[in-house]
Amino acid sequence: MNSLNKKIYSEIKKFNTIYIARHIGPDPDAICSSFALRESIKLTFPDKEVYAIGASVAKFKSFGPMDKITSLDKNALVICLDVPDKKRIDGLNIEEYKNVIKIDHHPFIEKYGEIELINDQVGSASELVLDLINETKLKINTNIAGNLFLGMVADSNRFLFHPTDAKLLRKVADLIEKNKLNIQKLYTKLYERPISDVRLMGYIAENLKVTKNGFAYIELDEDIINSFNADISSASNMINDFNNISEVYVWVFVTNDPTNKNYRINIRSRGPIVNEIAMKYGGGGHKFASGVRTTDKEIILKLLDELDKLCKEYKNKTVN
């Protein structure tokens with residue numbers, strides 16, 4: 001049992017207004033953990049005002065609604081999920097709040113919460129929220145459990161990624177059994193996609209550039225994504241669909257984000273540690289799944305070159 005979960009529960013009890021924030025450009029884990037914690041607190045404390053804040057993402061609307069707030073209460077409790085650094089928090093300026101809790105599974109970057117629950121040996125923020133619920137008096141129902149399941153599935157890529165182990169699988173089995181989850185229906189909710197996305201995946205597969213060192217990358221500008229009637233979030237999240245290419249150790253998707261006027265660089269690895277390089281260029285993440293955002297094309301070129309060299313070093317060590 002984690003003693004910080006008791007402290008977090010005590011803080012939740014104190015506040016009538018609670019904001020749950022996550023990172024910009026959210027993935028299913030960020031969305032699902034936010035919704036699950038919001039609903040759990042509201043189920044446990046019906047009189048509290050609890051809001052999941054941040055930009056809405058059309059792709060994830062079936063998971064639940066984001067809350068629209070016209071005026072933020074600076075005395076509210078803020079719980080930040082799945083975001084290790086202040087600059088990536090979506091929906092509010094964390095500097096304006098004194099009551100802040102961080103719950104995160106990324107390697108530590110900076111402190112910004114009065115209470116910080118950080119465990120980078122856990123595969124998802126959703127698993128941390130599940131632990132919080134299991135170890136306190138927070139309540140759960142089928143919908144909450146379903147979102148937690150989806151978050152864990154998404155961030156582990158169906159329990160393929162490290163650190164999936166027997167403990168996690170027992171925890172998931174218990175969640176399914178106690179809450180009578182229809183996992184087939186949930187998998188469909190997570191992985192069903194429009195034909196436009198499938199066609200964009202075909203374009204990526206056809207145009208993915210692979211070097212002799214085992215490094216693969218593709219740059220997707222706005223016109224290409226729009227030509228398939230897809231969106232940038234869909235394109236970014238497709239990166240996990242390319243994790244079983246035998247000739248590739250590290251692969252990168254660079255997508256132009258006109259809304260935020262920058263480039264999203266998503267990085268995945270099947271061996272080389274990539275988060276240290278991502279941090280060098282202002283990003284971060286896990287050892288084998290990281291990202292960078294930049295407005296500078298020169299940084300993109302340098303990053304791609306450094307990742308290619310990393311693959312060369314890895315290949316020489318493991319193959320030769």
Plugging the Cβ-Cβ distance of Thr211 and Arg158 into 1/(1 + (r/R0)^6) at R0 = 25 Å yields, to the nearest 0.05, a FRET efficiency of 0.35
When only DSSP loop residues count, what trypsin sites (Lys or Arg not before Pro) in segment 150-211 have their Cβ near at most 12 other Cβ atoms within 10 Å? Lys180
Once each part is reduced to its C-alpha centroid, what is the distance from segment 46-66 to segment 67-118 in angstrom? 16 Å
Mind giving me the FRET efficiency for Asp221 and Lys302? R0 is 30 Å, r the Cβ-Cβ distance, nearest 0.05 is fine. 0.95
Here the gain from full extension of Lys68 to Asn2, 0.36 nm per residue of separation minus their alpha-carbon distance, amounts to 20.5 nm
Over all directions, the average projected area of the alpha-carbon convex hull for the chain comes to how many nm²? 16.5 nm²
Restrict the search to segment 78-166; then list the GluC sites (Glu not before Pro) that DSSP places in a loop and that have at most 16 other Cβ atoms within 10 Å of their Cβ. Glu110, Glu114, Glu135
In the structure shown, of Lys14/Lys167; Lys287/Lys315; Lys212/Lys317; Lys209/Lys312; Lys87/Lys209; Lys61/Lys102, the pairs separated by more than 21 angstrom at the C-alpha atoms are Lys14/Lys167; Lys87/Lys209; Lys61/Lys102
FRET efficiency for Glu95 and Asn229 from the Cβ-Cβ distance with R0 = 41 Å, rounded to 0.05, comes out at 0.55
Two-decimal ratio, segment 3-190, of alpha-carbon radius of gyration to 2.2 N^0.38 Å: 0.95
Report the residues of segment 125-160 in range of a label on Arg170: point 7 Å along Cα→C-beta, backbone N strictly under 20 Å from it. 127-136, 149, 152-153, 159-160
Order the peptides 81-87, 300-306 from the highest to the lowest mean number of other Cβ atoms within 10 Å of their residues. 81-87, 300-306
Would you kindly state how much longer the chain becomes between Thr259 and Glu276 on full extension, computed as 0.36 nm times their sequence separation minus their alpha carbon distance, in nm to one decimal? 3.4 nm
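Coordinate-derived values only; no laboratory data. Note that this is a predicted model, so its numbers are computed, not measured. Backbone-built Cβ (ideal geometry, glycine too); neighbour counts: all protein chains shown.
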